[in-house]
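A short write-up of the structure that comes next.
The values are calculated or read from the model by the stated rules, or taken from the named source; none is laboratory data. Quantities reported herein were computed from a predicted structural model and do not represent experimental measurements. Cβ coordinates were reconstructed from backbone atoms using ideal geometry, including for glycine residues, and neighbour counts include every protein chain displayed.
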Ligand code: HEM
């Protein structure tokens with residue numbers, strides 16, 4: 001099968017992805033020091049750095065939401081159940097037998113069904129939990145304690161537990177994500193694509209978006225919906 005180099009990840013997308021990765025890593029590192037897991041910066045500085053990185057992440061999220069809405073790229077994350085079983089089978093068994101990828105990657109559909117569901121869950125559940133609890137944590141501790149008492153939250157405990165659960169979920173995602181990065185066409189092809197933006201995809205003709213003339217069922221269904 002012939003392949004063609006196409007831009008899968010645009011410049012802003014790569015900037016967003018890598019800055020987000022650095023910030024989440026740093027927030028996890030300082031956060032678990034605040035949690036008491038180890039000592040590195042010292043509690044006071046860990047809190048200070050955690051707050052600065054948190055504000056940067058919030059700003060980045062605002063820009064990323066704007067970019068996804070204006071470019072229509074949010075559609076990439078709409079979850080689908082189609083082919084989810086074959087994708088799961090691939091990760092559990094097929095991958096160890098050198099089976100072909102069950103879904104085809106195109107510019108219009110660059111996430112497989114499991115990625116769609118995972119990233120969707122991250123965006124609608126994990127990130128909102130961590131951001132909301134983090135902001136409540138900040139507001140409770142710093143400007144005015146009574147603001148949160150007004151929301152009927154008696155102590156920091158609920159907020160701290162929610163934030164820590166969010167942190168564990170995010171760290172679990174990162175661990176899975178790091179493994180899955182290596183499961184592209186080659187061990188490094190996914191990483192290379194997110195660094196350079198370019199990936200070699202199966203050639204589907206001359207359409208500008210790289211779409212397939214004879215689309216596979218997953219892509220056809222997504223385009224239709
Ligand atoms: C916008 C995002 C975030 C905000 C606003 C935020 C804010 C905060 C604040 C204010 C604290 C308490 C600091 C103190 O004790 O004075 C905290 C603690 C913590 N943060 Fe974050 N944070 C955010 C994102 C993250 C992320 C992405 C992670 C992990 C990947 C994380 C992990 C933690 C952990 C583990 C703690 C300690 C919780 C505890 O033991 O009570 N945070 N965060």
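On the given criteria, is residue 105 under 14 Å from the mean Cα position of the chain (by Cα), touching a residue at least 60 places away in the same chain (Cβ under 8 Å) and not in a helix (DSSP H, G or I)? Spelling it out, it is not the case that residue 105 is under 14 Å from the mean Cα position of the chain (by Cα), touching a residue at least 60 places away in the same chain (Cβ under 8 Å) and not in a helix (DSSP H, G or I). Of the residues making up region 126-139, those that are buried (at least 20 other Cβ atoms within 10 Å of the Cβ) and near the ligand (Cβ under 8 Å from one of its atoms) are 130, 133, 134, 137. Just one residue in the set 95, 84 is away from the ligand (no atom under 16 Å from the Cβ), in contact (Cβ under 8 Å) with a residue 40 or more places away in the chain and within 25 Å of residue 189 (Cβ to Cβ); that residue is 95. Determine if region 44-64 includes at least one residue that is within 15 Å of the chain's Cα centre (by Cα), in a helix (DSSP H, G or I) and buried (at least 18 other Cβ atoms within 10 Å of the Cβ). Within region 44-64 (the criterion being within 15 Å of the chain's Cα centre (by Cα), in a helix (DSSP H, G or I) and buried (at least 18 other Cβ atoms within 10 Å of the Cβ)), the answer is yes, since at least one residue qualifies.
May I ask you to verify whether residue 159 is at pLDDT below 90 and within 16 Å of the ligand (Cβ to nearest atom)?
On the way: at pLDDT below 90: no; within 16 Å of the ligand (Cβ to nearest atom): yes.
Criteria not met by residue 159.
Residue pairs whose Cβ atoms lie under 8 Å apart, separated by 6 or more positions or on different chains, with the first residue in region 178-190 and on the phi > 0 side of the Ramachandran plot and in a loop (DSSP other than H, G, I, E, B) and the second modelled with pLDDT under 90 and surrounded by 15 or more Cβ atoms within 10 Å (Cβ to Cβ), do not occur.
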